[in-house]
1. For GLY270, work out the one condition from (1) closer than 19 Å to VAL198 by Cα; (2) not in a helix (DSSP H, G or I) it doesn't fulfil.
2. Here is a list: ALA310, ALA392, ALA384, ALA403. Which entry is assigned to a helix (DSSP H, G or I) and either surrounded by fewer than 17 Cβ atoms within 10 Å (Cβ to Cβ) or over 19 Å from the mean Cα position of the chain (by Cα) (or both)?
3. Looking at region 131-159, which of the residues that are under 16 Å from GLY171 (Cα atoms) and part of a strand (DSSP E or B) is farthest from the ligand (Cβ to nearest atom)?
4. Would you mention how many residues in region 172-189 are of a type in the set (Gly, Ala, Ser) and surrounded by fewer than 20 Cβ atoms within 10 Å (Cβ to Cβ)?
5. Would you mind finding the one in ASP293, ASP247 that is over 22 Å from PHE345 (Cα atoms) and either buried (at least 21 other Cβ atoms within 10 Å of the Cβ) or assigned by TED's automatic domain parsing to the domain that holds VAL219 (or both)?
6. Considering only residues that are modelled with pLDDT under 95 and either more than 24 Å from GLN375 (Cβ to Cβ) or more than 9 Å from the ligand (Cβ to nearest atom) (or both), which ones fall in region 208-232?
7. Within region 313-330, how many residues turn out to be surrounded by fewer than 21 Cβ atoms within 10 Å (Cβ to Cβ) and assigned to a helix (DSSP H, G or I)?
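The values are calculated or read from the model by the stated rules, or taken from the named source; none is laboratory data. For clarity, every value in this text was computed on a predicted model and none was experimentally measured. Using ideal geometry, Cβ is built from the backbone for each residue, glycine included, and neighbour counts are taken over all protein chains shown.
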Amino acid sequence: MSAPHARATMSGKAIVESQFERAADLINLESYMRRILMAPFREVQVEVPVRMDDGRIEVFTGYRIQHNGARGPCKGGIRYHPEADHDEVLGLATIMTWKTALMDIPFGGAKGGVTVDPKRLSKLELERLTRRFTQRISIVLGPYRDIPAPDVNTNAQVMAWILDEYSSRHGYTPAAVTGKPVSLGGSLGREEATGRGVMYVMAEYARDFGVPLKGSRVVIQGFGNVGSHLARLLVAEAGAMVLAVSDVSGGVVNEAGLDVPGLLAHAAAGRPVTEWPGGRAVSNDELWSVPCDWLVPAALGGVITREHNARRIDCKVVVEGANEPTTPTADRILEERGIAVVPDFLANAGGVTVSYYEWSQNLQQYRWSHERVNQELKATITKAYTAVRDLAKAKGVTLRTAAYAIALQRVADAERLRGN
Ligand code: NAD
């Protein structure tokens, strides 16, 4: 992963809190339980000294925040970003709790971050940073305690270094981290899992709400891990038309449908999508106004806002591939305009779900086939989608509020059963 992460107009923590209250009211959650569920279980902040290639020592600040572990070990990615800070990491850790609960997988929620611009570091500096950060937080990690995964600007190689560092203290422990290279115990199907999960959720929504996926028009913001696998799968397996995609350089549009395999080869060569000859180049801003059936933000947080684009987005459904792409005020505008929003912690939960399969395979010391991974992912995410849809219908609320309500209820039940 390599995207810069835009700052939302509200902090991640504030977005999560405002959505939390709506759902907590729906299930009449007691005030003491609201307090338990909003507050993090444990926060670790560390200073990470790193010897740079020129001999100097630079010190970076790192965080690991475990939001809730009532339903199982904490689970969540580690991101390297110049704007990663306490509030962002806490907001993302909280979402992980709701995501794992909604998928009904036996994990809690956590997130980590180091405030660093990794593009400034050499590969060796990045490795030293990762190893030193792992040393400083390893006391709170472990396969039954807290299991990191990749996030923005971290990848399978970074997970391999974390595994090596952790195992050097505790013995060979592949289940201590997920999103590893397949040759080091990673799961088949993990890399495409988030995009694949988004497609499965879209297919279910399409069946229910009469927006057939086959032949329908899709616009995707972001052409990284989530966006590129989603585009590929939508065309190859669902028969949809991807009209437009974007990356940090801008977007490319073709109303007759982009040649996605060609565009993937172009992007794999490191070239911006705006230079693809099979479509018309547009700015990142113009992308939001391209008429479509499905709009999938799959790049950054806080990109759909009241001020910027919520009133001019021209689609039937927004499917949140990214984490927190829609601010709460924009969410309300979309609701008023009759545009459905499939929330992030349902739509993009494929990654953590297959991380769960990776962890299970490591504990069993057994490898699943790619087909089995896909089948189990489809079953798990479809079940979560169905529960959300049914509750939204029964209570007359948005999919987001219904998803939150289910997740809060599950975590609150676990807390009560444990004696809180
Ligand atoms: P990535 O780094 O692989 O790709 C991000 C893409 O967004 C790149 O194509 C980049 O060029 C593009 N981008 C950056 N700035 C942009 C801008 N201003 N306008 C348009 N495009 C821009 O990241 P990813 O793994 O695909 O993650 C994308 C989002 O999905 C993030 O919010 C992440 O937290 C979320 N997410 C990812 C996963 C996963 O498994 N990868 C799982 C759940 C959620």
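1. If we test GLY270 against (1) closer than 19 Å to VAL198 by Cα; (2) not in a helix (DSSP H, G or I), just (1) comes out false.
2. Numbers: ALA310 fails: assigned to a helix (DSSP H, G or I); ALA384 fails: either surrounded by fewer than 17 Cβ atoms within 10 Å (Cβ to Cβ) or over 19 Å from the mean Cα position of the chain (by Cα) (or both); ALA403 fails: either surrounded by fewer than 17 Cβ atoms within 10 Å (Cβ to Cβ) or over 19 Å from the mean Cα position of the chain (by Cα) (or both).
Checking each option against the conditions leaves just ALA392.
3. GLY142
4. We begin by selecting, within region 172-189, every residue of a type in the set (Gly, Ala, Ser); these are 175-176, 179, 183, 185-187, 189.
With the extra rule that they be surrounded by fewer than 20 Cβ atoms within 10 Å (Cβ to Cβ), the set shrinks to 183.
Of the residues in region 172-189, 1 are of a type in the set (Gly, Ala, Ser) and surrounded by fewer than 20 Cβ atoms within 10 Å (Cβ to Cβ).
5. Working: ASP293 fails: over 22 Å from PHE345 (Cα atoms).
Answer to the selection: ASP247.
6. Scanning region 208-232 gives ASP208, PHE209, GLY210, VAL211, PRO212, GLY224.
7. If we filter region 313-330 for residues that are surrounded by fewer than 21 Cβ atoms within 10 Å (Cβ to Cβ), which is where we start, we get 314, 316, 328-329.
Filter again for assigned to a helix (DSSP H, G or I), leaving 328-329.
Total satisfying the criteria: 2.
Yes/no matrix, rows are residues, columns are (1) more than 16 Å from the ligand (Cβ to nearest atom); (2) more than 20 Å from the chain's Cα centre (by Cα):
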site	(1), (2)
ASP314	yes, yes
VAL317	yes, no
GLY321	no, no
THR327	no, no
LEU334	yes, yes
ARG337	yes, yes
PRO343	no, no
ASN348	no, no
TYR356	no, no
